[in-house]
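Engineer: There's a structure below that I have some questions on.
The values are calculated or read from the model by the stated rules, or taken from the named source; none is laboratory data. Keep in mind it's a predicted model, so treat the numbers as computed, not measured. Please note: Cβ atoms are built from the backbone with ideal geometry, for glycine as well, and neighbour counts cover all protein chains shown.
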Amino acid sequence: MRRLALVLLLAVLSIAAATAAAAGPSPLRRFALVAGSNDGGAGRVRLRYAATDAEAVARVLRELGGVRDEDLVLLVDPDLAEFSAALARMRQAVQEYGPADERREIIFYYSGHSDERGLILGSDIYPYDDLRAALALARADVRVAILDSCSSGALTRAKGGTRRPAFLFDATQDMSGHAFLTSSSAAEAAQESDRIGASFFTHFLVSGMRGAADATGDGLVTLNEAYAYAFQETLASTENTQYGPQHPAYDISLTGSGDLVLTDVRAASAVLVVPEEVAGRLYVRDARGALVVELAKAAGQRVELGLEPGTYALVLDDRGSRSSGTVSVSTGGRVQVGPGNLRPVTGERTTSRGGEGTGGGELSGAASSEPLVHQNIHVSLLPGISEWVFSSLAERDVSINILVGSSARVTGVELGGLMNLVARDVGGFQGAGIGNVVLGELHGLQMAGVANYTGSADRGAAQVAGVVNVTSGVMNGVQVAGAANYARQVFGPQISVVNIADTVLGVQIGVVNVARLVKGTQVGVLNLARKVDGVSLGILTLEERGRHALEVWGDTTGGLHAAFKLGSRSLATVFAAGCVPGTDPVLWSYGIGLGARVSLGEPFFADVDVLLGSMHTGTGDWSTVGMGNLLPTLHAVAGWKVFGPLSVTAGIDVDVYVPGLSRSWDGAAVDAVRIAPRFAIGVGI
């Protein structure tokens, strides 16, 4: 009855909002700052999903929330200075933006650690009072802050907030004020889950914003609807967890007419339609296996979900009757879920994983919830019919598989001539001629001639493969492969030709290293990252948020020089060239090296570049790089960021002539170390 009353009340509100909209809504510009921080500093458990939670929120705001790319800032593991600067930039952008008659809204989202004082960013704290003040100073009509912040925990992690009852308010369109939402009360634990790969609150909030919360079916998800859906689903999913029920909370002060629309599902580039006849809990996963939407669907209700174009795996659980299938949705397409893309599956082949509560955990290919049968030693040629492909109920200490083996769990040693398949976890050694597959956790060693796969790996685990290793979750050990390694999050070393990870907190050593966030170390020929807060050492380092700079300078000998710098904000690869006009023959130089940047407090900085190349080419043909033709050079300058990307620099260049390594500019050998300093002044962009 409560749910029916909620739906009826929301319907009345939407009718009122539609009437007001007919009068002509004001133009709207929406700004968003989204931050996720897994790092809570010393003494706190490092979170797994704060960064990915933030990315999920950023995606739905871009796709369905009307936030333009240039108006959205996404921060991953920011420090206090970076967080404060981003908040100040957003406030300034709102204040400086355009037409006076255009409404401005701010959406702030944070996922990470917190305590009773404020948000915890590494070893620093950003007080709640400062956050409220910063948002209040922004000249926006509406300010929405969503906090999904945590303090401690193991399987589920504690977070913070302020508890109040669920809210509803009437009126939409020209409202002003603020809405602060938190994932839990101050006395409760807000939790993140390995089962869903996210925090409960953010997972259901994003699901709701994609259309699961659209109780009125008008294609618009309001703040009311999104909050109510996240509240109900979070509470249901956490009732039986270690930390107990979690009650999302709020602090609302909004006045005006209408309701606040968070997302417009009608604007989605692809739509998945769940018709009236489909009932149950629907799980929608993308091609990477990430759970995109979890929908509690009642019969007689039609729901449209706004998605990105792509292929999605569907699992429907209707009171124990389970079916699964896949759908592909193209740009501008609408696909309806029905008998054509859902096929029944038996209970033996699906189960809820993680055991985090009663939220109807999603289904996986793990063994069923039936009790396992323990076997000390097992020898087989092929799995039996009843245990083929992740359907085994056997827990084995030793499993010898002549060709292919299938177990629910292995606690000791498993050997397979071709392949080993384990539905849950492995707690020892696993070796196979072709490959090993573990859907759960690896607590030991996987070795295979071709490939290894595991859902996640505990600390001290290792994967060694002739070709490729894949960990779909967290790798808390070592990956060594002949061709490639992949893990979503890496805490240990990845060693291969190509290493790929979402987040690196250990080290990648290879020819090509790819990561979204590097908090550890990359060592390779080509390093690619979206953000580097650690060290990236490579001949070529490309960071989306790093340095892509050109510096041009002159020195007191009349030389003109240019250097192109690619890398992280602190360390870059430097490609340099220069010449001395007016000489006969013209003296020129080229070199490659590493450059470091140190902040001296905005807007000042210092750059120190160490270059090695064939320099000062004069008479004779000695432009070839090699011993006897190499000249180390130091380029050290202080800089001032004037505005935008433009900066001015001043400092020194120092050539170091080394016997046996260098020659003078006229080609003559040097018989003693000689230092040749020059003053330099230039500009950078």
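Engineer: Go through (1) surrounded by fewer than 20 Cβ atoms within 10 Å (Cβ to Cβ); (2) modelled with pLDDT of 90 or more; (3) not polar (S, T, N, Q) one by one and return the number of the condition VAL284 breaks.
Structural biologist: For VAL284, the exception is condition (1).
Engineer: Please pick out the residue among GLY310, GLY354 that is closer than 23 Å to ALA287 by Cα, assigned by TED's automatic domain parsing to the domain that holds GLU294, within 27 Å of the chain's Cα centre (by Cα) and at pLDDT below 85.
Structural biologist: After applying the criteria, what remains is GLY354.
Engineer: Here is a further query. Determine, yes or no, whether GLU543 is among the acidic types (Asp, Glu) and under 20 Å from ASN499 (Cα atoms).
Structural biologist: Values: among the acidic types (Asp, Glu): yes; under 20 Å from ASN499 (Cα atoms): yes.
Against the criterion (among the acidic types (Asp, Glu) and under 20 Å from ASN499 (Cα atoms)), GLU543 qualifies.
Engineer: If you don't mind, another one. Condition first: out of contact with any Leu (no Cβ under 7 Å at 6 or more places or on another chain) and polar (S, T, N, Q). Can you find one or more residues in the range 532-540 that meet it?
Structural biologist: No: the range 532-540 contains no residue that is out of contact with any Leu (no Cβ under 7 Å at 6 or more places or on another chain) and polar (S, T, N, Q).
Engineer: If you go through the range 447-461 one residue at a time, do you hit one that is in contact with a strand residue (DSSP E or B) (Cβ under 6 Å, 6 or more places away or on another chain), more than 22 Å from THR52 (Cα to Cα), modelled with pLDDT under 95 and not assigned by TED's automatic domain parsing to the domain that holds VAL379?
Structural biologist: Looking through the range 447-461, at least one residue is in contact with a strand residue (DSSP E or B) (Cβ under 6 Å, 6 or more places away or on another chain), more than 22 Å from THR52 (Cα to Cα), modelled with pLDDT under 95 and not assigned by TED's automatic domain parsing to the domain that holds VAL379.
Engineer: Just need a number here: residues in the range 35-71 that are within 10 Å of the chain's Cα centre (by Cα), assigned to a helix (DSSP H, G or I), within 18 Å of LEU87 (Cβ to Cβ) and modelled with pLDDT of 90 or more.
Structural biologist: 1
Engineer: For ALA230, are the conditions met, namely being within 19 Å of the chain's Cα centre (by Cα), at pLDDT 75 or above, crowded, with 22+ Cβ neighbours inside 10 Å and small (Gly, Ala, Ser)? Give the steps one after another, and end with the answer.
Structural biologist: Details: within 19 Å of the chain's Cα centre (by Cα): no; at pLDDT 75 or above: yes; crowded, with 22+ Cβ neighbours inside 10 Å: yes; small (Gly, Ala, Ser): yes.
Taking the combined requirement at face value, the residue does not satisfy it.
Okay, residues lined up against (1) touching a Lys or Arg at 6+ places or on another chain (Cβ under 9 Å); (2) over 30 Å from ASN476 (Cα atoms); (3) crowded, with 22+ Cβ neighbours inside 10 Å; (4) modelled with pLDDT under 90:
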| position | (1), (2), (3), (4) |
| --- | --- |
| VAL497 | no, no, no, no |
| VAL504 | yes, no, yes, yes |
| ASN513 | no, no, yes, no |
| GLY538 | no, no, yes, yes |
| GLY554 | no, yes, no, no |
| THR583 | no, yes, no, yes |
| TRP588 | no, yes, no, yes |
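Engineer: Among (1) crowded, with 16+ Cβ neighbours inside 10 Å; (2) modelled with pLDDT under 85, which single condition is PRO78 missing?
Structural biologist: Single failed check for PRO78: (2).
Engineer: Please find, among GLY153, GLY122, GLY98, the residue that is touching a Pro at 6+ places or on another chain (Cβ under 9 Å) and modelled with pLDDT under 85.
Structural biologist: Details: GLY153 fails: touching a Pro at 6+ places or on another chain (Cβ under 9 Å); GLY98 fails: touching a Pro at 6+ places or on another chain (Cβ under 9 Å).
Just a single option satisfies the conditions, and that option is GLY122.
Engineer: Is it the case that the range 676-683 has a residue that's free of Cβ contacts under 8 Å to residues at least 60 places away in the same chain and more than 17 Å from PHE564 (Cα to Cα)?
Structural biologist: Filtering the range 676-683 down to residues free of Cβ contacts under 8 Å to residues at least 60 places away in the same chain leaves 676-677.
Still in the list and also more than 17 Å from PHE564 (Cα to Cα): 676-677.
Checked against the condition, which is being free of Cβ contacts under 8 Å to residues at least 60 places away in the same chain and more than 17 Å from PHE564 (Cα to Cα), the range 676-683 yields at least one hit.
Engineer: List the strands (runs of 3 or more DSSP E) inside the range 452-546, counting only whole elements, that have at least 3 residues being under 17 Å from the mean Cα position of the chain (by Cα). Working first, answer last.
Structural biologist: Values: elements: 462-465, 468-475, 478-481, 484-490, 493-495, 498-504, 507-509, 512-518, 521-532, 535-543.
Of the strands (runs of 3 or more DSSP E) lying wholly inside the range 452-546, those with at least 3 residues that are under 17 Å from the mean Cα position of the chain (by Cα) span 468-475, 484-490, 498-504, 512-518, 521-532.
Engineer: Here is a further query. Just one of the numbered conditions (1) modelled with pLDDT of 85 or more; (2) touching a helix residue (DSSP H, G or I) at 6+ places or on another chain (Cβ under 9 Å); (3) among the aliphatic types (A, V, I, L, M) is not true of ALA298; which one?
Structural biologist: Against the list (1) modelled with pLDDT of 85 or more; (2) touching a helix residue (DSSP H, G or I) at 6+ places or on another chain (Cβ under 9 Å); (3) among the aliphatic types (A, V, I, L, M), ALA298 comes up short only on (1).
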